[in-house]
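Each remark here refers to the structure printed beneath this line.
The values are calculated or read from the model by the stated rules, or taken from the named source; none is laboratory data. Just so it is clear, the model here is predicted, and its values are computed rather than measured. Cβ placement follows ideal geometry from the backbone for every residue including glycine, while neighbour counts extend to all protein chains displayed.
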Amino acid sequence: MKKTYSIEVDCANCASKMEAAAKKTAGVKDCIVNFMTLKMKVEFEEGADVNEVMDRVLKACRKVEPDCEINYK
């Protein structure tokens, strides 16, 4: 399953850090962050609980970029 979320992030470098953190999160098969459109496209592993995974993604992203937001709820 793939979903697209709007994000709030201040710079392209921060967006890159968010992408890397999200890719390492359990339940995420792949992730692409586009700073220009402020979108995050996430491909989930089969059977993953989307909201639970996105909670972990947000937590991981905030470790590298404390001010970021992902609008998934």
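Things worth noting here:
- Strands (runs of 3 or more DSSP E) (entirely within the chain) containing at least 3 residues that are surrounded by 17 or more Cβ atoms within 10 Å (Cβ to Cβ) and at pLDDT 95 or above: 28-34, 39-44
- Every residue from segment 25-41 that is under 10 Å from the mean Cα position of the chain (by Cα) and touching a residue at least 24 places away in the same chain (Cβ under 8 Å): T25, V28, C31, V33, K39, M40, K41
- Close Cβ contacts (under 9 Å, 6 or more residues apart or on different chains) running from residues in segment 8-24 that are among the basic types (K, R) to residues that are part of a helix (DSSP H, G or I) comprise K17/C61; K17/V64; K24/A60.
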